[in-house]
1. Below 12 angstrom from the Cβ of residue 26, what's the summed charge of the other residues (Lys, Arg +1; Asp, Glu -1)?
2. Long-range amide H contacts for residue 29: which residues qualify at under 5 Å (H placed 1.01 Å from N, peptide plane, sequence gap of 5 or more or a different chain)?
3. Could you sort 97, 24 by accessible area so the largest value comes first, with the probe set to 1.4 Å?
Amino acid sequence: MKDETLIQTIPEFTATDLGPVTVRSDGYLYKRYIQDPPSDGSDPMVMWPKWVLQEGVTHLGVASPGVLLNLQVLTRTLKARYIETQTILYPVVNNIRSFAMTHEFYLDQLKKTADN
């Protein structure tokens, strides 16, 4: 069985060239597309071509150049960054804690001396 569904080709794009999506009052989703800048140095033209009918669209995917957002990858990345941050901060916090304990002991001794 042959599938005769026409598939629109997707032009090459980057996250800044194409990506934001808007909904207009006519019920269609529009996507932003920035044309290549003209050779005369003027600003590139921004177009909002009609994309798909909004009816039935409930979720839009998010992507950055070359990386699809996946909840498992996001969770692993955040966990790794959290552990890395804690590893970096622990020695600093430990030094502050040691200083505070030493200072507290010094103040206690100073108070005892002053009371006598």
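1. Combined, the nearby Lys, Arg, Asp and Glu give +1.
2. Here 51, 52, 53, 54 satisfy the definition.
3. Putting 97, 24 in descending order of accessible area: 97, 24.
The values are calculated or read from the model by the stated rules, or taken from the named source; none is laboratory data. The model shown is predicted, which means the values in this text are computed figures rather than measured ones. Note that we place each Cβ from the backbone using ideal geometry, even for glycine, and neighbour counts take in every protein chain shown. Heavy atoms of the whole protein, side chains included, go into the accessibility calculation; ligands, DNA and RNA do not. Shrake-Rupley method; radii C 1.70, N 1.55, O 1.52, S 1.80 Å.
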